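One structure below.
The values are calculated or read from the model by the stated rules, or taken from the named source; none is laboratory data. Predicted, not measured: the structure shown is a model, and the values here were computed from it. When we count neighbours, we look across all protein chains shown, and the Cβ atoms used for this are built from the backbone with ideal geometry, even at glycine. Please note that ligands, DNA and RNA were not included when accessible areas were found on the heavy atoms of the full protein model with its side chains. Shrake-Rupley method; radii C 1.70, N 1.55, O 1.52, S 1.80 Å.
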Amino acid sequence: MQLSAADDPDDDDDEEGNENERLGSTGGNKDNDYFPTVRELLGLPPTPPPPSSSSTSSFSATPLNSTVALLRSNAMPTPQNSSVKPAAISTPVQSLVYTKPVVKAAKAFTSDLRLHELIRFKDENTGLMKLIVYLRIVDDTLFDTAISSDGKTLTYYIQPAETNPQSFLPAGHDSLKDQATNAIISYFTNDPGTEVFKYVVTLPEAVDSNCQEHGEIFRSVMGFEAGTSKKVWVKQKVWETHTYVISGQQVGGMRGAWIKQ
């Protein structure tokens, strides 16, 4: 009896063996052929394997879209104006001690406080126009006034009357263990009390430098009796008045003796 190749039961195995020989010793098959990577063709080392599960953080398991969203949410917002930069956070200098030169050099204050009033009137006895300058008294100060040589400005000089460091300690800060107490005493200790403030008033008209009349205005204010909590009423000076003759006037065709020539 003659057998054909189709009747040979081992024919499939022979074909698989021949196929394996054609594919090489890699054990590949038609469904899983082996092809060299680009890195191997270029002679580069293989790509490092991914980290093991023990070193992979929970963040690496986050989907890509979620990771990008998380990074964007944690990032600082970009200003609309590209020229605007985030302000730098400065740390206070611990060793810095405020002194009067430091405070004066800062010039970090403005004021629209007005300490004067001006009243113009005609003297019925002489017929001369005069100017009354009201100056508000700043408590706990020494003060003086002066008229410029051209009679166009008045300078109000104000000087602190008290510079003893102990007099600047608020209630509750009487212990040298308190840091605020030490800072206050350090600030005022070397103050000789010679600082003078100038308040300059530009007058609407030039006046004679000689003050014709000086006055004081008092108000009743409530205070406490020294050393007790008993309330008392005291008179306190709140204004000073300085009366000047306006320059350039004549009396009976002659200039007054007090008018500058």
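Search the range 149-162 for residues being part of a loop (DSSP other than H, G, I, E, B) and open to solvent by 30 Å² or more (accessible area, probe 1.4 Å), and hand back the single one that is farthest from THR243 (Cα to Cα). Break it down into steps so the answer makes sense when it comes.
Step one: of the range 149-162, the residues part of a loop (DSSP other than H, G, I, E, B) are 149-152, 161-162.
In the following step, the residues that additionally are open to solvent by 30 Å² or more (accessible area, probe 1.4 Å) were identified as 149-150, 152, 161-162.
Details: SER149: 17, ASP150: 17, LYS152: 14, ALA161: 26, GLU162: 29 Å.
Checking each candidate, the answer is GLU162.
In this structure, does LYS177 turn out to be open to solvent by 90 Å² or more (accessible area, probe 1.4 Å), farther than 30 Å from TYR244 by Cβ and not polar (S, T, N, Q)? Break it down stepwise before answering.
Working: open to solvent by 90 Å² or more (accessible area, probe 1.4 Å): yes; farther than 30 Å from TYR244 by Cβ: yes; not polar (S, T, N, Q): yes.
Criteria met by LYS177.
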Kindly indicate whether GLU195 is surrounded by 15 or more Cβ atoms within 10 Å (Cβ to Cβ) and of a type in the set (Asp, Glu).
-> no
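Looking at VAL238, VAL251, VAL234, VAL245, which one is modelled with pLDDT of 85 or more, surrounded by 12 or more Cβ atoms within 10 Å (Cβ to Cβ) and more than 28 Å from THR155 (Cα to Cα)? I'd like the intermediate steps shown before the answer.
Numbers: VAL238 fails: more than 28 Å from THR155 (Cα to Cα); VAL251 fails: modelled with pLDDT of 85 or more; VAL245 fails: more than 28 Å from THR155 (Cα to Cα).
Of the residues listed, the single one that is modelled with pLDDT of 85 or more, surrounded by 12 or more Cβ atoms within 10 Å (Cβ to Cβ) and more than 28 Å from THR155 (Cα to Cα) is VAL234.
Please go through the range 139-148 and pick out each residue that is outside any strand (DSSP E or B) and loosely packed, with under 15 Cβ neighbours inside 10 Å.
Within the range 139-148, ASP139, ASP140 meet the criteria.
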Does the range 186-231 hold any residues that are of a type in the set (Val, Ile, Thr), closer than 24 Å to ARG114 by Cβ and modelled with pLDDT under 95, and which are they?
-> VAL196, VAL221
What are the residues in the range 113-138 that are over 26 Å from THR163 (Cα atoms), open to solvent by 70 Å² or more (accessible area, probe 1.4 Å) and part of a loop (DSSP other than H, G, I, E, B), if any?
-> GLU124, ASN125
With respect to the numbered conditions (1) loosely packed, with under 12 Cβ neighbours inside 10 Å; (2) under 30 Å from THR99 (Cα atoms), which one is the sole condition not fulfilled by THR202?
-> (2)
